[in-house]
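This report refers to the structure that appears directly beneath it.
What follows draws every value from the coordinates through simple rules; no lab data is involved. Note that the structure is predicted; figures quoted are calculated from it, not measured. Here the Cβ is made from the backbone with ideal geometry for all residues, glycine too, and neighbour counts use every protein chain on show.
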Amino acid sequence: MASSRAKLLRSIFFQGFRTPDWRHDQPPPVVSVQEFFVDNTDNSSIAINLIDHPGIQFFHDAIAAIEARADVQAVLVNIYDLDPIIDGGWPYAENVHILTSASEDEVQQWAAYLRSDGAMEGWPYGVPNAARKAEPGQKWWSLSWD
């Protein structure tokens with residue numbers, strides 16, 4: 001049976017990984033919360049720039065709690081960089097995307113709790129093919145840690 005990390009990498013490569021930069025017009029791949037966090041013990045895989053990083057388990061628990069809300073339809077993790085896998089690390093996520101009918105104020109509260117730079121409506125690198133379409137009354141929000 002393949003490891004969780006191997007399954008995650010297969011999902012990323014299946015979508016066609018491109019490091020987001022000015023040379024590529026394709027958005028980076030996105031994966032489910034489950035795919036990204038199962039067996040992930042690498043604190044550097046998300047919010048690496050936080051000075052007092054709360055740990056990968058904090059992010060897993062907090063994002064899973066958001067995903068479980070009735071007003072949240074989907075949560076996806078953006079894979080920004082694969083360099084860490086060379087040394088056995090986990091792919092790096094720069095954004096978490098949330099499809100929700102919650103108000104902007106509520107989404108900004110989630111962003112503050114997750115210690116992100118705030119929530120912005122939409123997709124910073126374009127809509128990935130794996131993202132579902134927002135229905136009326138729903139919006140995609142992106143949380144980032146820059």
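A few points about this structure:
- Rg/Rh for segment 101-146, where both radii come from Cα atoms and Rh is the Kirkwood radius: 0.98
- Taking label points 7 Å from Cα along the Cα-to-Cβ direction, residue 6 and residue 135 give a separation of 3.8 nm.
- Positive-end residue, segment 1-143 charge dipole about Cα centroid, Cβ charges, pick of 49, 142, 125: 125
- Label-point separation in nm, residue 103 to residue 53, each point 7 Å along Cα→Cβ: 3.5 nm
- Structure-based [θ]222 nm, the chain - -39500 (n - 2.57) summed over DSSP H runs of at least 4, per residue, nearest 500: -8000 deg cm²/dmol
- Take every pair of alpha-carbon atoms less than 8 Å apart whose residues are at least six positions apart; their mean separation over the length of the chain yields a relative contact order of 25 percent.
- Reduced Cα scattering model of the chain, Debye log10 I(q)/I(0), q = 0.13, 0.20, 0.22 Å⁻¹: -0.54, -1.33, -1.59
- Shape metrics for segment 61-141, restricted to C-alpha atoms - Rg then Dmax, Å: 13.4, 44
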